[in-house]
1. Kindly check whether there is at least one residue in the stretch 79-91 that is in a loop (DSSP other than H, G, I, E, B), at pLDDT below 90 and exposed (fewer than 15 other Cβ atoms within 10 Å of the Cβ).
2. Is it the case that the stretch 20-33 has a residue that's in a loop (DSSP other than H, G, I, E, B), surrounded by 10 or more Cβ atoms within 10 Å (Cβ to Cβ) and polar (S, T, N, Q)?
3. Taking the condition of being of a type outside the set (A, V, I, L, M, F, W, C) and either outside the structural domain of Arg85 (by TED's automatic domain parsing) or in contact with a helix residue (DSSP H, G or I) (Cβ under 9 Å, 6 or more places away or on another chain) (or both), how many residues in the stretch 19-62 meet it?
4. Among the residues of the stretch 1-19, what is the count of those that are buried (at least 16 other Cβ atoms within 10 Å of the Cβ) and farther than 21 Å from Ala90 by Cβ?
5. For Ala2, state whether it is more than 16 Å from the chain's Cα centre (by Cα) and of a type in the set (Gly, Ala, Ser).
6. Tell me, which residue of the stretch 48-70 that is buried (at least 16 other Cβ atoms within 10 Å of the Cβ), modelled with pLDDT of 90 or more and of a type outside the set (A, V, I, L, M) is nearest to Gly96 (Cα to Cα)?
Amino acid sequence: MAADPESRTTPSGQTVTTVRLATNRVWNNRATGEKQEQVEFHTIIAWGNLAEIVSKYLRKGQLAMFEGRLQTRSWQGQDGVKRYRTEIVAENMQLGPKAMGSGNYQSNNQAPVHPVKSAEGGAAGQQFNRVKEEDIPVINEDAPVTSDPIISDSDIEEKEIDLKDIPF
């Protein structure tokens, strides 16, 4: 989050929350090898129950993922110029990982935290393990592709799938 959420209530009593979200893109310049970074800021609008959840659980600096639709509004400015704003109208949201032993979400300077389901499963049975950056595998797109498979055909056990076992 680029800023804390701002909530208000419409005259009809519906909650609407506005959030500013930053997305980062990082790449290496092919010619110079220099690290490049581009940041885009997006306005996200959430309505109803989702708006209440966003305002209750999100704060500046936290990680979150939103799904929704794009909506472009236009209006006449005080100077007579027609202005446009494209926003994301949120339909779903997923909170980022929590830091261990804390009610606050992790800040950007901590190692990523990945959820691991325990034997009990579910949200209450979720544990979080810290992953060091050097433990995360990196795929180099310029590296040659080898013909040696990581998993051989003999390592794969084939089994017939019953349609009733598919969870949808």
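The values are calculated or read from the model by the stated rules, or taken from the named source; none is laboratory data. Computed from a predicted structure; not experimentally measured. Virtual Cβ from ideal backbone geometry, glycine too; neighbours counted across all protein chains shown.
1. Looking for residues that are in a loop (DSSP other than H, G, I, E, B), at pLDDT below 90 and exposed (fewer than 15 other Cβ atoms within 10 Å of the Cβ), one finds none in the stretch 79-91, hence no.
2. Looking for residues that are in a loop (DSSP other than H, G, I, E, B), surrounded by 10 or more Cβ atoms within 10 Å (Cβ to Cβ) and polar (S, T, N, Q), one finds none in the stretch 20-33, hence no.
3. 0
4. 0
5. Judged against the criteria, Ala2 is not a match.
6. Checking each candidate, the answer is Phe66.
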